[in-house]
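The next block holds one structure in the form of C-alpha cells; read it before the comments.
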Amino acid sequence: MYNSDFSNAQLTNLNFTSTNLIVANFAGAKVFNTDFHQSSCVASIFNHASLSDCDFWHSNLKHAVFYKANLNQVNFSRANLYKANFTGANMTKSELNNTLSIQDVILPNETSAHDENLIKDGQADCNISHISGWTLSNGNITTGISNKSSSNCQFTLQSLSTGATMYQRVSLSDKWDSNFWTHSEAVLSAKMSTGVLIDLKGLQKNNSISSKETLSSSEEQINLLLHNDMLELEVFIKFNATASHSNMNDYWFDDIKLYIIYGTYLELRQVNIPANATWKQNGVTIAGGHGQGTAIDQLFLPRGLFVDDDQTVVIADYWNHRIIQWKNGDTTNGQVVAGGNGEGKGLHQLQYPTDVLIGKETDSLIICDRVNERVVQWSRRSGTTQGEILIDNIDCFGLAMDEQRYLYVSGTEKHEVRRYQLGEKNGTLVAGGNGKGNDTNQLNEPAYLFVDRQQTLYVSDHYNHRVMKWNKGATEGIVAAGGQGEGSALIQLKNPNGIFVDMFGTLYVADTYNHRVMRWTQEDKKQGTVIVGGNGQGEGENQFNGPYGFSFDRQGNLYVADMNNDRVQRFSIE
C-alpha cells in the first residue's frame, strides 16, 4: 500500500496491523478506532487529520507529519517518531513519554524533542572531582574549567607524559530489537580538542569488535551501523599528548551524546525484487520521447537518474546542462530543478551533469557537474535559483551515498573512486587509484556506483567491460559481472554504465552498447540474463539506443535513461 491516498476519507474500525503505509496520505481524514500496530508509516502525511482512539503501538512513523492534526486518545507507545513533525497538533508532550524514539521531533509549539542520552555523565561537572560513569584505563583525566570560558566545564588530561584512555559501555539488550528494527544505527557526537579521538565500537560476545567508527575534532558526529551480533556499544576515548601542546587544558572533550536512529533512510531505498521477477518487455515513455531539444517535454542525451519515494524521477539532462524531474503520472512536461540557464560555471548553471541523487537529510539534489569539475548541491525548496559547491576541483562522473551519508565519487581521469564526508574536500581512496588497467586493483574509467549497507562498493568499470565489487577496506576488487572482454554473450558486457543491487545481492547492469539491462544473481556469477532490451539498437518500445542510468522504485518497476533516444522508459514488474 505504498503511497496510498486516504485524504479526506472517513475510516472507522480498520486494521492496518503490519501494513506498509510508507508515504501514505491521510491529510484531512477522519480516522476512528483504527489499529496501526507495527505498521510502517514512514514519511506519511496526517495534516489536518482527526485521529481518535487509534493505536500506533510499535509503528514506524519516521518523518511523518501531523501538522495541525487533532489527536484524541492516540497511543504512540514504542513507536519510532524520529523527525516526526507535530507542529500545531492538538496534543501534549506527555503523550510521547512511552515512545521508542522522539529524536528531533518537532513538538506542537515548534520546539524540538530529543531522546535520553545513552551516555551516563556525558557532560563534565566541575563540582565532582572524579570521573563518574566512566572507566579509566590508563593515565588520569579530571574535570576542569575551560581555558576559553570560565562558565564551561570539560573533561581534561591531567598528565602530559602519559596521555590517558577511558571508556563507557552501553548494553543494547533493552534498547534495540535487531529483529524488528533492522537498518538502525548509533549516532555519536562530542566536542573535543585536537589530540583527542573517540572510538564508537559495536561489541560481540567475548568483547570482540563487530564494527568501529572513529570521531575526531574535525567532525561533528559519526554513525555506526548496528549488526545482529552486537551486544554492547563501547565509547572509547583516547588523549594523545604531543609536544606541540604544553598545557594539559589543551586536551579536552565534553558534551558527548549517543542515541540510536531506528530504521535509517536507506530502508526506503531497499527494493525487494523476487529472485525470478520478470518485467513487461515493452516500456512506457515517462519522460522525453519528443526528439532532441531544450523544451520541458524533451531531453538531450540523459545520463544518470534517481527515483524518489513518490516515484518522481530526477534526471541528469546531460546536453541541456540541467536537472529535470518528472512527477509520477505527468508524462507531458518536466520541471527544471537545477541549472537550465545555459552552459557555464555560475552557481546558477551546470555544465554536462552526469549523475544526480537526492540527499534526504537536507532535501536537496546532489549533482556531479562534470565539466565544471565540481559536486554541487541544490535545495529542492521552491524558489531555489542556484546551488552551492560541496566539492570543487574534482574529476567527477558517478555518485552514490551510503547510510552514514558518506558520498562516493568516481573519477575517470585517475581511474579511482573516493569517499567523502560531506563538507570534506580531499576524500579517501576506496577503489582503484593504481593507474589505468585491468588488474583487480585497477579500473579503466569507472562510471556509475552503488554502495550497500555494509559499505560494499560496486563500480561499473566502463572500458574494462565489467562491474567490480570492492568490500569495505579492500585493496583490490572482485569481478561481479562481465570481465570476459568486450562482447554480447551472456558472460560479457560492452561499456556498462548504471548499476543497482537489490536487498538479496542481485546485481543489475545497464549494458549500454549491447542495448540491454542485465541481471547477475548471487547463485550464477559467471553469466547474466537479459531482463529488458536485447532486441537490437532501436527506438521501439522493446528496444534501447544506449541505455545509461537506471533505477527501481519500491515496487520493483524499472526506469531506464535511454540516452540516444532522449527518453526515460518505465518497465512494469509482472
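So here's what we get for this one:
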read-out	value
Subset of Lys62/Lys469; Lys120/Lys175; Lys62/Lys175 violating a 23 Å alpha-carbon distance limit	Lys62/Lys469
Residue-by-residue Karplus 3J(HN,Hα) for the stretch 219-236, coefficients 6.51, -1.76, 1.60, Hz, glycine and proline x	10, 8, 7, 10, 10, 10, 5, 8, 10, 4, 8, 7, 9, 9, 10, 10, 9, 10
Virtual spin-label span in nm between Thr332 and Lys345, 7 Å along Cα→Cβ	4.1 nm
Dimensionless Rg ratio for the stretch 1-114, taking C-alpha atoms and the 2.2 N^0.38 Å reference	0.92
Reciprocal mean inverse distance between Cα atoms of the stretch 149-220 - Kirkwood radius, Å	15.1 Å
Ranked Thr162, Thr99, Thr440, criterion: other C-beta atoms within 10 Å, fewest first	Thr162, Thr440, Thr99
Per-residue HN-Hα couplings for the stretch 389-395 [Karplus 6.51, -1.76, 1.60; θ = phi - 60°; Hz; x = Gly/Pro]	7, 8, 9, 10, 6, 10, 7
Whole-angstrom Cα spans of the stretch 25-179 along principal axes, big to small	67, 37, 22
Inter-centroid distance (Cα atoms) of the stretch 420-487 relative to the stretch 2-61, Å	43 Å
Amide hydrogen neighbours beyond the local backbone of Ile391, cut-off 5 Å, H modeled	Val375
Nearest-0.05 FRET efficiency for Glu110 and Thr214, computed from C-beta distance (R0 35 Å)	0.50
Disulfide-incompatible cysteines by the Cβ rule (no partner under 4.7 Å) in the chain	Cys41, Cys54
Cα-based convex hull volume of the stretch 431-493 per residue, rounded to whole Å³	72 Å³
Cα→Cβ-extended label distance, 7 Å offset, between Ile296 and Lys68, nm	2.8 nm
Sequence-separation-based contact order of the chain, relative, with Cα cut under 8 Å and 6+ spacing, percent	8 percent
Kirkwood Rh and Cα Rg combined as Rg over Rh, evaluated for the chain	0.99
Estimated FRET transfer efficiency when R0 is 51 angstrom, pair Ser7-Thr162 (beta carbons, to 0.05)	0.20
Beta bridges by DSSP in the stretch 342-483, antiparallel share as percent, to the nearest 5	95 percent
Gain on full stretching of the segment that runs from Gln421 to Phe180 - 0.36 nm per residue minus C-alpha separation	83.8 nm
Length released on extending from Asp392 to Asp125, taking residue separation times 0.36 nm less the Cα-Cα span	91.8 nm
Virtual spin-label span in nm between Trp57 and Asn152, 7 Å along Cα→Cβ	4.7 nm
Neighbour-count order for Leu558, Leu215, Leu347, fewest beta carbons within 10 angstrom listed first	Leu347, Leu215, Leu558
The stretch 1-114, relative contact order in percent, only Cα pairs under 8 angstrom and at least six apart counted	17 percent
Student exercise, the stretch 261-408 dipole from Lys, Arg, Asp, Glu Cβ charges, in Debye to nearest 20	240 debye
Residues Ser18 and Lys280, FRET efficiency given R0 of 41 Å [Cβ-Cβ distance, rounded to 0.05]	0.90
Gain in span if fully extended, Asn138 to Ala474, counting 0.36 nm per residue against the direct Cα distance	117.6 nm
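Rule-based calculations on the coordinates, nothing more; no lab input. All values derive from a computational prediction rather than experimental measurement. Because the Cβ atoms are built from the backbone with ideal geometry, glycine has one as well, and the counts that use them run over all protein chains shown.
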